[in-house]
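Take a look at the structure set out below.
The values are calculated or read from the model by the stated rules, or taken from the named source; none is laboratory data. Note that this is a predicted model, so its numbers are computed, not measured. Positions of Cβ are backbone-derived with ideal geometry, glycine not excepted, and every protein chain shown enters the neighbour counts. Areas reflect the complete protein model, heavy atoms only, side chains present, ligands, DNA and RNA absent. Shrake-Rupley method; radii C 1.70, N 1.55, O 1.52, S 1.80 Å.
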Amino acid sequence: MATASAKKWWKNAIIYQIYPRSFCDSNGDGIGDIPGIISKLHYLKSLGVDAIWLSPVYPSPGYDNGYDISDYKGINPEFGTMEDMERLISRAKRLGIKIIMDLVINHTSDEHEWFKKALAGDPKYRDYYFFRDKPNNWGSLFGSSTWTKTENGDYFLHLFSEKQPDLNWQNPDVYNEITDIMRFWLDKGISGFRCDVINIIYKNSLENGRPRLILKGREHYLNTEGCHELLKRFNTEVWSKYKTFIVGETILVTPDDAKLLCDENRGELDAIFFFEHMDVDSRGGVKWFKKRYRPHKLIGVLDKWQCALEFPANYLENHDQIRSVNHFGNTKEFWEKSAKLLCGLNLTLKGIPFIYEGEEIGMTNGDFRGLRDIKDIESYNINKAMKRLLLAHSIRRKLILRTSRDNARTPVQWNSSENAGFTTGTPWLKINSNSSFINIETESKDDNSILNFYKKMIEFRKASQAIQEGSYRKIAAPSDVYIFTRESRDERLYIYCNLTSYGRSVEFYGDRIVFGNYTEDDWDPFYLKPYEFRIVASNI
Ligand code: GLC
Ligand code: CA
């Protein structure tokens, strides 16, 4: 029986994110699917992960690859059937792997029955959304407008694309519908949800926003009291009845906002994804306009969040970000070393590590030739917006190719065959040509590969109380070198991360080197090599 003090399973979990479209295609239509995922469960087991976060698999017209849901209780036929999904849940369970589903409840697809009925004038369903005679001045998250005119001449609100109308969470019917959906899936045996943009779902009012550059109007919907109230109700009325793990994707959060959202005594979310570390190289928080990446900025942000939260959800990659080895590593001279360093960092920080498909083999950004290779709706809208600003094609191409979310969505590279073992057909998105040597089959045979480094790091983590449960403290270090301790009752580990492509002199503490991404012969007592990762242990 669970008691209040019983240890929650997710506190020691390592979670692997699957973007189903790009994971593994079982039937040759070029689109990853659920039987494809089932066929790779043993691989995930051998990697050592405890749970899978599955990006949306619900029916969807696919304008935002499933983040525009048209039926919350079904399975997108492109991905398989409900039987396939049930089989996935039970097979995973047999292997001791839990499934967490994506829950997108800020908006539905405009092709959802509710929205269709609303457009047809049904008053019940009109109140599920926001229809107004005149748009307000709110800013959009996707570079388009936030209001779209209907055939009746009024407008509906969408913070994302016009294919994603926002739900009206002031309406109790919406609450009942969505909690019913949550129970439907939890009863099928899933273990929790990753809640999409959860901190913006409750709109206080639709008044005009104060003038500001990014997301005008956000004071009316960001982290509102109404949102906190909803989360508490979800928790007491649904989540707490199951042994769930609930992680919220939260935009523009500060550590103080996050503390409220994850405070165990308040009973809202278990963990949140913050974005601040993703934006250390963007100008004014606009990711399309990059500035030079400086590792000390990343270190500062990670340290701030490590200190603020008891269980941060740690990630360096997901389906919305570029590949971490491009972002924070070095794909030219130090691809392998820097990918291993990022693995070490992500898996030794305090909290719950998330690994995104392909990250474990050091997959890189897409090698797209031009805008025609890009499929993402966000990139498409930004391109349109930049065109309106009369930016030249060459500039738009450069900005979009290096930042598009499609960089992380290229199919997983399973082997060195023509379509990387992802499909026997034509892949929906171009496969990287480096799949000839960056692929799971090749790396699993090489003891020194990034993949095997992940496996060893995961094993090391699982055997270490200090890493799984210990305290965290940053230690003074030369700029761009991150040194921190993880400490439990019997053990203190010093974690060294040289986030630069040159060697750095550092002071070493501790007694014995127990892990690293260089071989023992290379270990220098006063010096970290480029992108060196090292764990030094000392007894207490
Ligand atoms: C989240 C998802 C992203 C999606 C957006 C709208 O940020 O991660 O992929 O486009 O929400 O649902
Ligand atoms: Ca398929």
Across the stretch 148-176, the tally of residues that are out of contact with any helix residue (DSSP H, G or I) (no Cβ under 8 Å at 6 or more places or on another chain) and within 22 Å of K73 (Cα to Cα) stands at 6
Could you please give the count of residues in the stretch 34-57 that are basic (K, R) and touching a Cys at 6+ places or on another chain (Cβ under 8 Å)?
1
Tally up the residues in the stretch 277-290 that are within 30 Å of K232 (Cα to Cα) and either assigned to a strand (DSSP E or B) or under 13 Å from the mean Cα position of the chain (by Cα) (or both), please.
2
Go through the stretch 1-24 and report how many residues are away from ligand 1 (no atom under 16 Å from the Cβ), aliphatic (A, V, I, L, M) and at pLDDT 95 or above.
2
For residues in the stretch 25-41 being within 20 Å of A408 (Cα to Cα) and open to solvent by less than 10 Å² (accessible area, probe 1.4 Å), which is nearest to ligand 1 (Cβ to nearest atom)?
G32
Could you list, in sequence order, all residues of the stretch 80-132 that are away from ligand 2 (no atom under 16 Å from the Cβ) and polar (S, T, N, Q)?
S90, N106, T108, S109
Mind counting the residues in the stretch 26-59 that are assigned to a loop (DSSP other than H, G, I, E, B), within 20 Å of the chain's Cα centre (by Cα) and among the small types (G, A, S)?
3
In the stretch 439-480, anything touching an Asp or Glu at 6+ places or on another chain (Cβ under 8 Å), assigned to a helix (DSSP H, G or I) and among the polar types (S, T, N, Q) is listed as N452, Q465
Just to check your reading of the model, which residue among L157, L119 is outside the structural domain of S55 (by TED's automatic domain parsing) and either of a type in the set (D, E, K, R) or open to solvent by less than 10 Å² (accessible area, probe 1.4 Å) (or both)?
L157
Quick one: count up the residues across the stretch 412-438 that are under 25 Å from the mean Cα position of the chain (by Cα) and not in a loop (DSSP other than H, G, I, E, B).
3
If you check R233, R218, R266, R212, which single one turns out to be modelled with pLDDT under 95 and either on the phi < 0 side of the Ramachandran plot or open to solvent by less than 10 Å² (accessible area, probe 1.4 Å) (or both)?
R212
Exactly one of these conditions fails for P56: (1) open to solvent by less than 20 Å² (accessible area, probe 1.4 Å); (2) at positive phi; (3) within 13 Å of ligand 1 (Cβ to nearest atom). Give me its number.
(2)
